[in-house]
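The values are calculated or read from the model by the stated rules, or taken from the named source; none is laboratory data. Owing to the predicted nature of the structure, the values given are computational and were not obtained by experimental measurement. Heads up, the Cβs are rebuilt from the backbone with ideal geometry, glycines too, and the neighbour counts pull from every protein chain shown. All accessible areas refer to the heavy atoms of the entire protein, side chains included, with ligands and DNA or RNA removed. Shrake-Rupley method; radii C 1.70, N 1.55, O 1.52, S 1.80 Å.
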Amino acid sequence: MFRYFENLVDPYTAYEEVDRPPTKLFPFLWDYAQPFKGVFAITAVLAIVVAAVEVTLIYYMGRIVDILGTGSPEEVFDLYGTELLAIALFILVIRPLLQGLDVAFLNNAILPNFGALVRWRAHRQVLRQSVGWFENDFAGRIANRIMQTPTSAGDAIFQVFDALTFAIAYLVGATILLLQADARLTLPLLIWFALYLLLVRWTMKRVGPASKASSDARSEVTGRVVDSYTNIHSVKMFAHHDREISYAKEAIEKTRRTFGREMQIFTTMDIGLTLLNGFLIVSVVGWSIWLWSIGQASVGVVAAATALTLRLNAMTGWIMWAVSTLFRSLGVVAEGMETIAQPITLLDAPDAKPLEISNCEIAFEDLSHHYGRDAGGIDNLTLTLKAGEKVGLVGRSGAGKSTLVKLLLRFYDADRGKILIDGQDIAKVTQDSLRSQIGMVQQDSSLLHRSVRDNILYGRPNATEAEMLEAAKRAEAHEFILDLEDPQGRRGYDAHVGERGVKLSGGQRQRVTLARVILKNAPILVLDEATSALDSEVEAAIQDTLYGVMEGKTVVAIAHRLSTIARMDRILVLEDGKIVEDGTHDALLAQGGLYAGFWDRQSGGFIGTDEATEAAE
């Protein structure tokens, strides 16, 4: 039975991705709610029916009081026995069926699927953002928003159908009931309702912004804490335990203060609600008793009015809390929208086609990129890499080497100029097809917190086991992988490597990364300090492998250890985002310029970096 309701909506149904999601709260939620429109309508009708049944039962309790006063028990059962039996069967069979349907639609059809749909689509939307977008925020804060927004959106939907729809229907039914009993009894109810709406308005005006501020503070705590955990080696190495505690405490205290202000609103609301409900009970019940005392109302009317007001008294606290929860949840959703609803700025061109590789020639034409500043990065660079050419990039930190690589991968769009691969502007081909043709080994060889096998196969998921093993062997990784074992007892290629590969040494991570790129076998190869984490013995073994991998590919290699690029076809020296020297290793040494100076000052094969550095790279 539950499976039927759980399958009414597919949270992973196909939808059209948008580059600019709605930035207003209700259009944002409405966009996500499209697959649920039919289910929402049925749930709303069921909530109204359930409320009508509850009000009718209160009315009937008053009728029972009046019936019992019409004669002896024998006479009452003789005249009303069939009616009472029918009502009993309704309460035992029909009422549970209606309420069961109501909660099944809400709890089984809507809540699990709506939260899954929001989380799924939000995650997809965020993954479409550029690398630069992720570099400008805490990963922990982004993840926190992705996780808490769907839960809060689900809570908001739950309160709409479980409380608000039911409450509105119940109030309308209560008004009708009192009108039928005595129209004068509706006057105190309407006065109470007007005051109740004023209290709701006062509460909601304040709780939304307060909840958003509290949610933002919680996200900041998550961001700071995750930042400490992610960089735990630095925390321990610099003995900054107390500093990190203080850093987190600052955000935790901010969260405590914002949450405290939020709770002040709820305390004031509860006090006001208690006073209002006292007025409701005294006015409605007191008036009905007075009407009975002057012979204008029956005992059944007094009983029904009393039951109704006591029920409203119990329900109004629940409704107010439900409304507060609704607006609190909407505040959390609004905070999450600051991440989820941000527009995608790095897009494929409308008519983008897949990149087609023929010779693999790369041309940089009048290329400039300054990260939104006046300087740094790349400045008016023009360069052509012939098909199959192997080029080394050298320069001080901040000279623009990594910027050039990021632009080649289209992690950023250039401020000016263009990059062509076999005559195709990379801004006019699809990003996925571009990056599928580029293999890259970075200096920071972070791995996914998955098995070694999964990490290597990330380069080519459809590769065979034999191809995966061969790539690991060529990267000099096979032997140490066989000796791995994680805390769960998984061994060898099934062992998990920890977050960012933290369970492996730097050299081991680098070799797994190399294996992944070897398996990918892309026609363009980018090496960003590819052997920096390797010891001399392993590096010597890897060098021949790397040059073997380079065969037939166009290669861009960044290195401070100049011995790793000395055999390249050309070496380019970058300074202030420009190419200042271009030639072979021997030719550049003969020039006696920057490259020669770097070579002379090397210690262990690294460029001296005592000169001033720039911020952008």
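Of all DSSP bridge pairs formed entirely within the chain, close to 50 percent run antiparallel.
Assuming a ≥ b ≥ c are the square roots of the Cα gyration tensor eigenvalues, decide whether the stretch 54-118 counts as rounded (a/c under 1.5), prolate (otherwise, with a/b larger than b/c) or oblate. Note, shape of the stretch 54-118 comes out prolate.
Expressed as a whole percent, the accessible area of the stretch 8-167 that falls on carbon and sulfur atoms is 66 (1.4 Å probe). Take the Cβ-Cβ distance between Asp494 and Thr545 as r, set R0 to 22 Å, and report the resulting FRET efficiency rounded to the nearest 0.05. For Asp494 and Thr545, the calculated efficiency is 0.35. Would you mind telling me the share, in percent, of accessible area of the stretch 174-278 contributed by carbon and sulfur at probe 1.4 angstrom? Looking at the stretch 174-278 in its full context, I get 65 percent from C and S. For the stretch 83-197, the relative contact order comes to 27 percent (Cα pairs under 8 Å, sequence separation of at least 6). Only helices enter the 222 nm calculation for the chain: every DSSP H run of n ≥ 4 contributes -39,500 (n - 2.57), and dividing by all residues gives -19500 deg cm²/dmol, rounded to 500.
Listed by chain and number, the lysines whose alpha-carbon sits under 17 Å from that of Lys254, ignoring those within fewer than 8 places in the same chain, are Lys212. Compared with the alpha-carbon gap, the fully stretched path from Leu448 to Arg3 is longer by 156.8 nm at 0.36 nm per residue. 3J(HN,Hα) along the stretch 554-570, derived from phi through the Karplus expression 6.51 cos²θ - 1.76 cosθ + 1.60 where θ = phi - 60°, amounts to 8, 10, 10, 10, 9, 7, 9, 7, 5, 4, 6, 10, 4, 8, 5, 5, 9 Hz, with x in place of Gly and Pro.
Averaged over its residues, the stretch 165-242 has an accessible area of 52 Å² per residue, based on protein heavy atoms and a 1.4 Å probe.
Taking label points 7 Å from Cα along the Cα-to-Cβ direction, Ser358 and Asn136 give a separation of 3.8 nm. How big is the gap, in Å, between the Cα center of the stretch 277-299 and the Cα center of the stretch 1-43? So the separation of the two Cα centres works out to 47 Å.
Here the Karplus relation 6.51 cos²θ - 1.76 cosθ + 1.60, evaluated at θ = phi - 60°, turns the backbone of the stretch 36-50 into coupling constants of 9, 4, x, 5, 4, 4, 4, 5, 5, 4, 5, 4, 5, 4, 4 Hz, with x for every Gly and Pro. Counted residue by residue at 0.36 nm each, then reduced by the alpha carbon distance between them, the extension gain from Thr267 to Arg128 reaches 45.8 nm.
Accessible area per residue for the stretch 1-96, computed on protein heavy atoms with a 1.4 Å probe, is 66 Å².
Using the Cβ-Cβ distance between Leu179 and Thr13 with R0 = 41 Å, the FRET efficiency computed as 1/(1 + (r/R0)^6) comes to roughly 0.35. For Leu393, the residues 5 or more places off, or on other chains, whose built amide H falls under 5 Å of its own are Ala557, Ile558, Ala559, Leu572. Sorting 116-127, 246-257 by their mean Cβ neighbour count within 10 Å, with the most densely packed peptide first, gives 116-127, 246-257. Whose amide H sits under 5 Å from the amide H of Ser130, counting only residues 5 or more places off or on another chain, with H placed in the peptide plane? Residues meeting the amide H criterion: Thr345, Leu346. Full extension of the chain between Asp366 and Ala239 gives 41.0 nm of extra length, using 0.36 nm per residue less the Cα-Cα distance. By the rule of a C-alpha distance below 13 Å, with chain neighbours fewer than 8 residues away ignored, the aspartates and glutamates paired with Lys236 are Glu244.
Using a simple spin-label model with pseudo-atoms 7 Å out from Cα toward Cβ, Val282 and Arg311 lie 2.5 nm apart.
Reported to the nearest whole Å, the Cα centre-to-centre distance from the stretch 468-484 to the stretch 139-180 is 55.
Working ranking of peptides 581-590, 404-413, 235-244 by packing, defined as the average number of other Cβ atoms within 10 Å per residue, highest first, is 404-413, 581-590, 235-244.
Calculated FRET efficiency, Asn462 to Trp318, Cβ-Cβ distance, R0 = 60 Å: about 0.65 to the nearest 0.05. Distance between the 7 Å Cα→Cβ label points at Lys418 and Leu275: 7.1 nm. Cross-link reach is defined here as a Cα-Cα straight distance under 22 Å, omitting same-chain residues fewer than 8 places apart; for Lys473 the lysines meeting it are Lys503, Lys520, Lys553.
Each peptide in 69-82, 328-341 was scored by the mean count of other Cβ atoms within 10 Å over its residues; highest first, the order is 328-341, 69-82. For the stretch 305-315, putting each phi into the Karplus relation 6.51 cos²θ - 1.76 cosθ + 1.60 with θ = phi - 60° gives couplings of 5, 5, 4, 5, 5, 5, 5, 5, 4, 5, 7 Hz, in residue order, rounded to whole numbers and with x for Gly and Pro.
Of (i) 62; (ii) 58; (iii) 50, which is the value of percent of Cα pairs over 35 Å apart derived from the coordinates here? Read-out taken from this structure: (ii).
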